[in-house]
Amino acid sequence: MPIPSPIPPTLARWLGRQLLIIALITVLLSLFLVVTFNQRIALTLLYTFCITVCCSICVQGIRTGLAWLVNRIVIEPESGEASHWPGWPLMSFSIVAGTVLGYTLGNELANQITGLNSPGILDSSLRRGLTIMLISLVPGVGLTLYFLNRSRLEAAETRVQTAQRQAAENQLRLLASQLEPHMLFNTLANLRVLIGLDPARAQAMLDQLIAFLRATLNASRSSSHSLQDEFARLADYLALMQVRMGTRLRPTLDLPPELAALQIPPLLLQPLVENAIKHGLEPAIEGGELRVSARLEAGQLVLEVADGGVGLAATPAADGTHFGLHQIRERIATRYGSAARLDLRAGTAGGCIATLYLPMP
């Protein structure tokens, strides 16, 4: 026999809020009726609870039906945006009709439970019927105003969050687009030098550059891609650099299969690899190893770029503009806030290690 699925958290919160409101209305109305009309507390609580539940169901049912009709007839054909609010005229009708129907059903339900024969609105005198309607309409109008203001606040918060998310995404795209010319400028500067020294290698490097730009064009336009794609773009870039550096560049890419599908911003590691080559490996006569790895550590995704070059101490503080490092820090701050960071430290056997700590996607 299949096990029924649990109630979704959103529905559970909604039901809990509804029950809490119904209980509060039941207690307050019962106290008012007991004090004002000297009624018995137990029977008053029972009748008030049954009537409140039925009124709530009827009012919301009629409101939902009218909103559905408005959406089908008016809103959706014009803008395609549905609304749960049918407008004040139809909402007023929902409150009055739902209150009359709900009171009648709730009163009859309480009569069935107690065995009494308390008259409903339609069976009462005009004065008593109007008094019952006024007392019953007060919570309905109050709750309508409460939920209307609440839904407006939630809609405003949603619009603010959407605007903030879109602004953050636009900033990420801007930062990523700034990284591409930076990488291209460095590569073309190296290519210009190589043309005079070794035209054949320069031709091979140019071919590799064209292939690399073609492969990274789509990735650089998206807000995120998988770690597998990020490492594939790094492999393309390192192949481009190996045309120029030859055996002086000895790269290793270490991506565990279980992390391959995790999503990160595109071209996040490339500036770190560029810095490792430019400031660490190129100044070293024999070059060195370059290792890019990914791992999980204490609930974080850790991305590391380690080189066996000259190290931080051999790199002047003013060497270069540190554009790539600055852009990476801005990108992760925009995307992840204080939950992400970039650390630079000297390697135990020389060289430099750049480590990115990102929250798990």
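The values are calculated or read from the model by the stated rules, or taken from the named source; none is laboratory data. As the structure is a computational prediction, the values presented were derived from the model and not from experiment. Cβ sites come from the backbone with ideal geometry, for glycine too, and all protein chains shown count toward neighbours.
One table, with the values for the structure above:
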{"item": "Residue match in the range 229-244 (condition: modelled with pLDDT under 80 and out of contact with any strand residue (DSSP E or B) (no Cβ under 6 Å at 6 or more places or on another chain))", "result": "yes"}
{"item": "Whichever residue in the range 327-346 is closer than 14 Å to L272 by Cβ, over 17 Å from the mean Cα position of the chain (by Cα) and of a type outside the set (D, E) and, among such residues, is surrounded by the fewest Cβ atoms within 10 Å (Cβ to Cβ)", "result": "R345"}
{"item": "Meets criteria (within 17 Å of I328 (Cα to Cα) and surrounded by fewer than 16 Cβ atoms within 10 Å (Cβ to Cβ)) for Q263", "result": "yes"}
{"item": "Among (1) in a strand (DSSP E or B); (2) crowded, with 16+ Cβ neighbours inside 10 Å - the single one M241 does not satisfy", "result": "(1)"}
{"item": "Test: residue in the range 195-209 that is β-branched (V, I, T) and either out of contact with any helix residue (DSSP H, G or I) (no Cβ under 9 Å at 6 or more places or on another chain) or modelled with pLDDT under 75 (or both)", "result": "no"}
{"item": "In the range 119-142, the residues that are part of a loop (DSSP other than H, G, I, E, B) and in contact with a helix residue (DSSP H, G or I) (Cβ under 6 Å, 6 or more places away or on another chain)", "result": "G120, I121"}
{"item": "Residue within the range 206-216 that is farther than 20 Å from L290 by Cβ, in a helix (DSSP H, G or I) and β-branched (V, I, T) present", "result": "yes"}
{"item": "Output for the range 268-278, where each listed residue is in contact (Cβ under 8 Å) with a residue 60 or more places away in the chain and outside any loop (DSSP other than H, G, I, E, B)", "result": "Q270, P271, L272, E274, N275, A276, K278"}
{"item": "All positions within the range 274-294 that are under 21 Å from A189 (Cβ atoms), surrounded by 22 or more Cβ atoms within 10 Å (Cβ to Cβ) and of a type outside the set (S, T, N, Q)", "result": "A276, I277, G280, L281, L290"}
{"item": "Selected residue (criterion: modelled with the lowest pLDDT) from residues of the range 294-312 that are more than 27 Å from the chain's Cα centre (by Cα) and among the small types (G, A, S)", "result": "G311"}
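Residue-by-condition table, conditions (1) outside any helix (DSSP H, G or I); (2) at pLDDT below 85; (3) out of contact with any Leu (no Cβ under 6 Å at 6 or more places or on another chain); (4) within 28 Å of A200 (Cβ to Cβ):
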residue	(1), (2), (3), (4)
L253	yes, no, yes, yes
P266	yes, yes, yes, no
G280	no, no, yes, yes
I353	yes, no, yes, no
